[in-house]
Amino acid sequence: MTKKKLLVLLVAVLILLAIIFGGFWLKEYLDQKKEEEKTPISLVAMGDSLTEGDGDEKKAGGYVGILDKSLAKHQEVRSVKTSNYGVSGNRSDQLLKRLKTEPDFQKAVQQANVITMTIGGNDVMKVLQSKLLDVKVSDFTKAEENFQKNLTEVFSLIRENNPNAPIFLVGVYNPYTTYFSQIKQFDEVITNWNSNSQAFIKQQKNAYFVPIAQLIENRDKKNRDKPNPLLSDDYFHPNHTGYEKIAHKLDSTIIKELRAGKIPKKKE
């Protein structure tokens, strides 16, 4: 083989190697750029026993544990980190107090780019338990006023710590649709409560109301005076299947806003 042919062969080999390694480099670069375009989610869940996960017989963390896994499956999501600040029994005034006084809670809110909240159920139940079957819709007027005041302060504190993260407020539901379906006051109270919460959310920046009443309430006549199949053995909190429905609703709502550019990217 002449030197000229050898040189041509060597150049051809070098060009081929350059193409191969250049292709690998380009693929790696494009994959990296694609990964950088994804959003790492740092989610802070706050509120009451629904956030803590009471009633989840699988001990999977309620809707937060389920949502953690479902969000990670979306191609737009790079990673998911969740922090659970749900406390069983908390009313809106107690959530407000914790947000005012707990530095770790405040720091978590500052670092979040998604915030979910379940609150209000215990505000309702405090009145309901005091009145039992003699309850009137008017009995909830003062409780609703206090709840709205506390909710306003909670949102104000969140925005002081984090101006940009979207806030997803989960609605309340009537757990007594199978056992006390004849008491229409329960339905009216829950409907009014959710309507007022939704009206409040519409006045907030980058905040979303997530209704779950229709998901959890059971009005099938064949289940009258029987346990709601989506509630736990305490007949109040969701069971794992109920939490799956809540998580799915939150998942679709969060991803919709992510695709709309409403969830800021945060450094991991």
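A short reminder: the numbers here are calculations on the coordinates, not readings from a lab. Keep in mind that what you see is a predicted model, and the values were worked out from it rather than measured. Virtual Cβ from ideal backbone geometry, glycine too; neighbours counted across all protein chains shown.
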* Structure fact -> For Val210, the residues 5 or more places away or on another chain with a placed amide H closer than 5 Å to its own amide H are Leu169, Val170, Gly171
* To do: Mind giving me the nanometre distance, one decimal, between the label points for Glu57 and Gln110, set 7 Å out from Cα along Cα→Cβ?
  => 4.3
* Structure fact -> The set of residues whose placed amide H lies less than 5 Å from the amide H of Ser42, leaving out same-chain residues fewer than 5 positions away, is Lys81, Asn113, Val114
* List, in order, the whole-Hz ³J(HN,Hα) value for each residue of segment 158-163 obtained from phi through the Karplus relation with A = 6.51, B = -1.76, C = 1.60 and θ = phi - 60°; use x for Gly and Pro. => 4, 6, 5, 8, 8, x
